[in-house]
Amino acid sequence: MNHSPLTIRTDQLLRESAGLLDCRLSDHQVEQFITYLEEIKSWNRRINLTSIESPEDIVLKHFIDSLTCLKAVSLSEGLKVLDLGTGAGFPGIPLAIYQPQIDLTLLDSMRKRAEFLKHLKCVLGLPEIKILCGRAEEYGRDRTEREQYKLILSRAVSNLSVLAELALPFLRVGGEFLAMKGKEVREEIEAARETIALLGGRLKEVTEIILPMIDQKRHLVLINKEKETPDRYPRRPGIPQKRPITVIAQ
Ligand code: SAH
């Protein structure tokens with residue numbers, strides 16, 4: 001493969017920053033990430049995928065940020081994983097590049113983003129990835145999806161109370177939900193605690209992350225599913241956001 005000077009720099013940045021997270025990337029994985037970056041740049045001219053545009057920022061704030069999940073969960077072979085509200089594929093795609101043996105499903109309600117993801121899984125050579133286009137509120141009531149997953153991942157979709165209602169129905173009892181959060185998280189967790197319990201979950205741990213190279217703080221919030229989610233959740237599309245359970249309970 002012929003790399004431009006820019007690509008070579010991006011390449012090194014990717015390897016070095018992944019290394020700081022203790023992730024060793026093979027040459028093939030680096031090539032997959034570079035292809036991913038190029039596809040984002042090209043599709044971003046036509047559809048709105050991300051506001052982050054420089055190659056360095058895409059590497060650090062999307063790819064490396066996604067890989068930080070590995071600090072809170074381990075991705076064993078065959079693990080059934082759902083990335084809820086994946087957008088342009090974060091954090092699911094970087095994790096599938098790193099660990100292609102997971103059984104990954106990406107869910108997003110936007111059709112154009114789902115089209116991008118279908119194209120992407122072909123060009124990256126990851127044909128096993130499944131893509132669902134629709135609302136989490138609907139798929140979460142679908143018997144073929146409800147209580148089917150061992151791990152749910154979600155970044156930048158909603159606050160924790162709303163997310164709990166969207167995510168926990170998909171999880172099997174004993175599974176885990178990892179919400180990727182920014183630099184402040186304490187108040188959001190306190191506000192969501194009762195809702196999480198109502199939906200069958202329990203806060204397990206919060207891991208603080210400092211993003212390599214840019215020293216920005218993030219938090220990984222890990223929730224265990226201990227009991228089945230009551231049948232009435234999730235409510236109809238839009239209701240979890242409009243009338244969060246936490247507010248109703250107060
Ligand atoms: N996780 C990605 C995208 C965040 S933007 C990232 O971190 O970059 C939030 C995404 O969630 C959008 O693409 C939006 O279409 C999707 N989304 C929001 N609410 C949803 C819902 N109820 N069901 C399915 N997808 C949803």
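Every read-out reported here was derived from the displayed coordinates using simple, explicitly stated rules and does not represent laboratory data. Remember, it's a predicted structure, so these values are computed and weren't measured experimentally. Don't worry about glycine lacking a Cβ; one is built from the backbone with ideal geometry, like all the others, and counts go over all protein chains shown.
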Report task. Taking the residues in region 119-145 that are touching a residue at least 40 places away in the same chain (Cβ under 8 Å) and among the basic types (Lys, Arg) as candidates, determine which candidate is nearest to the ligand (Cβ to nearest atom). Result -> Arg135
Query raised in the report: So is Arg236 of a type outside the set (A, V, I, L, M, F, W, C) and more than 21 Å from the chain's Cα centre (by Cα) or not?
Result: yes
Query raised in the report: Only one of (1) among the hydrophobic types (A, V, I, L, M, F, W, C); (2) touching a Pro at 6+ places or on another chain (Cβ under 9 Å); (3) within 10 Å of the ligand (Cβ to nearest atom) is not met by Ile64, so which one is it?
Result: (3)
Report task. Only residues that are touching a helix residue (DSSP H, G or I) at 6+ places or on another chain (Cβ under 8 Å) and surrounded by fewer than 19 Cβ atoms within 10 Å (Cβ to Cβ): list them for region 105-127, please. Result -> Ser109, His119, Val123, Gly125, Leu126, Pro127
Requested in this report: Sort out which residues of region 137-179 are over 12 Å from Gly200 (Cβ atoms) and small (Gly, Ala, Ser), and write them in order of number.
Outcome: Gly140, Ser154, Ala156, Ser158, Ser161, Ala179
Query raised in the report: Could you list, in sequence order, the residues of region 164-188 that are within 13 Å of Gln148 (Cβ to Cβ) and either polar (S, T, N, Q) or in contact with an Asp or Glu (Cβ under 9 Å, 6 or more places away or on another chain) (or both)?
Result: Pro169, Phe170, Leu171, Arg172, Val173, Gly174, Gly175
Query raised in the report: Out of the residues in region 148-163 that are touching a Pro at 6+ places or on another chain (Cβ under 7 Å) and outside any helix (DSSP H, G or I), which is nearest to the ligand (Cβ to nearest atom)?
Result: Arg155
Requested in this report: Out of the residues in region 49-59 that are in a loop (DSSP other than H, G, I, E, B) and either more than 11 Å from the ligand (Cβ to nearest atom) or touching a residue at least 24 places away in the same chain (Cβ under 8 Å) (or both), state the one that is surrounded by the most Cβ atoms within 10 Å (Cβ to Cβ).
Outcome: Leu49
